[in-house]
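One structure below.
The values are calculated or read from the model by the stated rules, or taken from the named source; none is laboratory data. Computed from a predicted model, the values in this text were never measured in an experiment. Cβ coordinates were reconstructed from backbone atoms using ideal geometry, including for glycine residues, and neighbour counts include every protein chain displayed. Heads up: the accessible areas ignore ligands, DNA and RNA and are worked out on the full protein's heavy atoms, side chains in. Shrake-Rupley method; radii C 1.70, N 1.55, O 1.52, S 1.80 Å.
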Amino acid sequence: MSLRDFLSKQFIDVIDWVEPADGILAYRFPMQDREIQNGGKLTVRDSQMAVFVNEGRVADVFGPGLYTLNTNTLPILTYLMNWDKAFKSPFKSDVYYFSTRMQTDQHWGTQNPITIRDKEFGAIRLRAFGIYAYHILDPKVFYTKISGTRDTYTVGDLEGQLRNTIVGRITDTFAGSQVPFLDMASNQVALGEKIVGQLKPGFAELGLALDNFVVENLSLPDELQKILDQRIGMNMVGDMGRYTQYQVAQSIPVAAANEGGGTAGVGAGLGAGIAMGQAMMDALKKGSAPSGPEGGAPAGGAAAAGGAAAATSAESKFCLNCGKSIPKISKFCPNCGQAQP
């Protein structure tokens, strides 16, 4: 090394790093044309770790604290550099800082619905999303497998890898849980805790620790959600007979508001509603009516009443305009004069 080259070099007495912004996971301390002095100071703040790398090999790792750099504080580097007796100063080494603070509010989600076999609904497609938090646990592993020799490595650089890892493990968890979708949706906290156990080994392989994991929502695609809503609606209906009566009562104001309004409109709505309700109730009664002694028609007065009602129904109909009962063969209503089909 010439005297000019020696004088042009800068000798480092203090090594430290303050994060300039959020989201930086690894930072390479600038060492071009610079060498570290014997007895130089290394500052590692809380939520940081520092790693010395010699000729591409990870040497010493430092946690939070203030260090004086010598053969006592750099035992691995001393061995690699063959400093058997004396610390040679100045010396060259790469220094990397790693942020070990928790990286919060990281989002995950299924880009496309995942297909699983559900106990209750059969094969279904499921969507899920939520948040998670992690931090660097082992900077040596993280440097070796993830960040490498880059000047900076950020949360955004790692986001895709972690999200795909999470979705892949979630698919396996859902498929192997044998828990119905409705039970999953109602126990999202317990589900998140179970998924954490599946994810932690994968994070540890990258030198990371998974701090928490939250399932915010489980849902079905829109077309399947509509079918589920219909099923829920049918379960809520319960008594079909009472539901039919309610529907008939609700249809009367709508019919009265149709064109032609007034008394005629109210009558038409009432007549149509009564006719529809009577027909549906008759059908329900026929399906549930008890049989006579020989398994035939109802006995006694019930049979006679049924016969009379059937005869009346067969001989008459309701006017579509005023709603009053008229002979079935009538072409015009004798009450309002409206033509009949």
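Worth pointing out:
- Over 26 Å between alpha carbons, listed pairs Lys140/Lys194; Lys145/Lys200; Lys41/Lys145; Lys92/Lys145; Lys140/Lys200: Lys140/Lys194; Lys41/Lys145
- In Å, descending, principal axis extents of the Cα set of segment 30-179: 74, 25, 25
- Loop-resident chymotrypsin sites (Phe, Trp or Tyr not before Pro) (DSSP state other than H, G, I, E or B) in segment 55-147 with no more than 14 further Cβ atoms inside 10 Å of their Cβ are absent.
- Placing +1 on the Cβ of every Lys and Arg and -1 on the Cβ of every Asp and Glu, with nothing else charged, gives segment 11-86 a dipole about its Cα centre of roughly 160 debye.
- Computed over segment 93-210, the quotient of the alpha carbon radius of gyration and 2.2 N^0.38 Å is 1.24.
- Rounded to the nearest 20, the Cβ-based charge dipole of segment 54-164 about its Cα centre (Lys and Arg +1, Asp and Glu -1) stands at 180 debye.
- Among Asp16, Asp105, the sequence by solvent-accessible area, most first, with a 1.4 Å probe is Asp105, Asp16.
- A cut-off of 5 Å between modelled amide H atoms, ignoring neighbours fewer than 5 places along the same chain, links Gln340 with Phe332, Cys333.
- Accessible-area ranking of Glu120, Glu193, largest first, probe 1.4 Å: Glu193, Glu120
- Integer Hz, Karplus 6.51/-1.76/1.60 couplings in order for segment 51-62, x for Gly and Pro: 10, 9, 10, 10, 6, x, 10, 5, 10, 8, 10, 10
- Ranked by solvent-accessible area (1.4 Å probe, protein heavy atoms only, all chains present), the residues Thr165, Thr104 order from largest to smallest as Thr104, Thr165.
- Distance between the pseudo-spin-label points of Ala21 and Lys328 (7 Å out from Cα toward the beta carbon): 8.4 nm.
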